[in-house]
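The values are calculated or read from the model by the stated rules, or taken from the named source; none is laboratory data. In this text, all values refer to a predicted model and were calculated from it rather than measured experimentally. Counting neighbours? That spans all protein chains shown, and the Cβs are built from the backbone with ideal geometry, glycine included.
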Amino acid sequence: MSENKHTSRGRFIAATILLICAALLILLAVRFVRHRMAYAVTDAVFVRTDSLVSVGFNRVSGRIAIINKKEGDPVSKGEVMARLDDTSYRLAVEELNARLEATKNARQAKDFFLQRLKKETRLNEEIATSRLTELEKQKESMAAQFSAAQVEVDQLKRDNKRYQNLLPTKSVSHSQAEDISARLLAKQLSQKALQLKIAALDASVVTYGRQVELAKAQKIHIKETMKDIAGLDDKIREIDATLKSALDDLGQCTIKSPLTGRVAKRFVSPGALVSPQKVVFTLVDPHDIYISVLLEEQKLAEVAPDSPANITFDAYPKDIYKGIVKTILPASAATFALAPRDISAGEFTKVAQRIPVRIKITKGNTTLLRIGMGGEVEIKRQNKPAGESHS
């Protein structure tokens with residue numbers, strides 16, 4: 001009796017344990033099913049960024065003299081990361097500066113000469129024109145005097161002839177006849193002096209006329225000098241533009257970080273020769289990363305933008321990151337595959353497609369994450385149809 005009693009008790013305990021285990025399994029199964037109904041779960045999770053930036057020497061080439069950063073190093077925006085040997089570029093800038101200074105000095109000297117030439121030409125022309133006007137007036141006055149003297153000479157000639165004819169008849173005295181002859185001679189001499197003065201004035205008029213012409217010729221010289229100055233101005237602008245380009249090239253000999261982040265990859269070493277557009281560093285901004293999820297199409301139901309998500313990463317399984325769905329892309333990942341499936345022969349095997357979903361991290365230490373890391377995500381389903389993707 002005692003053995004039967006112990007056997008029955010043992011069976012009861014075993015049955016109870018089995019019932020409890022079955023209940024627990026059912027509870028876990030129900031919880032699992034409810035969780036999978038409430039969340040879209042996948043481990044096709046990858047850390048991505050839009051700030052993976054490649055930098056190099058954009059327009060210049062040469063030998064790298066200094067590299068201040070290696071892979072994994074933090075960088076700040078504007079921090080110098082590398083520098084070329086810029087000797088040739090610096091010498092080019094110095095030469096252009098010297099040429100620019102010499103051309104500016106030549107232009108300044110030409111301008112000083114032009115101002116002096118304009119002033120001298122203006123004064124010479126004013127003086128010559130004024131003196132020429134004065135001489136013309138003097139010439140007109142002396143010509144009038146000469147004409148008046150001619151009238152007197154003609155009258156004295158007539159008087160002298162008349163007196164000479166009257167002298168034999170003794171109607172006039174010898175002294176009167178001599179006086180008329182003397183007056184005629186004096187007036188003729190005076191007229192001759194006037195004629196000489198008029199000739200001298202003519203010579204002076206010619207001289208000052210030439211000075212006026214010379215002033216006009218100097219005006220042509222002024223125009224030529226102004227053209228020379230305009231040419232120097234063009235040369236200054238040309239040298240200045242070349243200098244700006246050379247200074248830009250000199251500035252391009254230094255790589256400065258365009259963002260605050262970390263060095264993801266360094267492609268060259270100190271002393272290496274680099275050419276324009278060659279990538280030297282690839283940088284990443286740890287604060288501008290997101291999660292790319294390849295979600296099976298069967299799990300896409302009720303997943304919409306702004307759906308909350310829990311994310312864990314294989315590297316940090318104890319840390320739970322929070323996020324929200326930002327975008328559900330409009331094409332499957334296979335659409336842009338390098339080798340898409342060929343179904344033209346009619347052979348087809350249905351394969352579950354994966355739709356890319358972009359998730360923004362809202363909580364968690366993003367500085368620990370590295371581009372390309374994997375993990376698992378749980379996206380909370382919404383009680384509404386999946387909306388259109390948002391960018």
Return yes or no: is Thr207 assigned to a helix (DSSP H, G or I), without any contact (Cβ under 8 Å) to a residue 60 or more places away in the chain and on the phi < 0 side of the Ramachandran plot? yes
Does Leu232 count as in contact with a helix residue (DSSP H, G or I) (Cβ under 8 Å, 6 or more places away or on another chain) and surrounded by 14 or more Cβ atoms within 10 Å (Cβ to Cβ)? yes
Among Ser245, Ser257, Ser269, which is the only one that is within 26 Å of Asp86 (Cβ to Cβ), out of contact with any strand residue (DSSP E or B) (no Cβ under 9 Å at 6 or more places or on another chain) and among the hydroxyl-bearing types (Ser, Thr, Tyr)? Ser245
Out of Thr103, Thr169, which single residue is farther than 17 Å from His221 by Cβ, among the β-branched types (Val, Ile, Thr) and part of a helix (DSSP H, G or I)? Thr103
Residue that is surrounded by the most Cβ atoms within 10 Å (Cβ to Cβ), among those in the range 86-138 that are among the hydroxyl-bearing types (Ser, Thr, Tyr) and modelled with pLDDT of 90 or more: Tyr89
Taking the range 232-262 only, how many residues are part of a helix (DSSP H, G or I), within 16 Å of Ile64 (Cβ to Cβ) and among the aliphatic types (A, V, I, L, M)? 1
Kindly provide the set of residues from the range 129-156 that are more than 30 Å from Glu213 (Cβ to Cβ) and in contact with a helix residue (DSSP H, G or I) (Cβ under 6 Å, 6 or more places away or on another chain), ordered by number. Ala149, Glu152, Val153, Leu156
Of those in the range 48-66 that are at pLDDT below 90 and surrounded by 12 or more Cβ atoms within 10 Å (Cβ to Cβ), the residue farthest from Leu247 (Cα to Cα) is Arg48
Picked from the range 156-175 (must be in contact with a Leu (Cβ under 9 Å, 6 or more places away or on another chain) and among the polar types (S, T, N, Q)), the residue farthest from Leu194 (Cα to Cα) is Ser173
Being within 49 Å of the chain's Cα centre (by Cα) and in a loop (DSSP other than H, G, I, E, B) is the filter here; which residues of the range 289-309 pass it? Leu300, Val303, Ala304, Pro305, Asp306, Ser307
Checked Leu156, Leu189, Leu132 against criteria (touching a Phe, Trp or Tyr at 6+ places or on another chain (Cβ under 6 Å), assigned by TED's automatic domain parsing to the domain that holds Ile236 and part of a helix (DSSP H, G or I)); the one match is Leu132
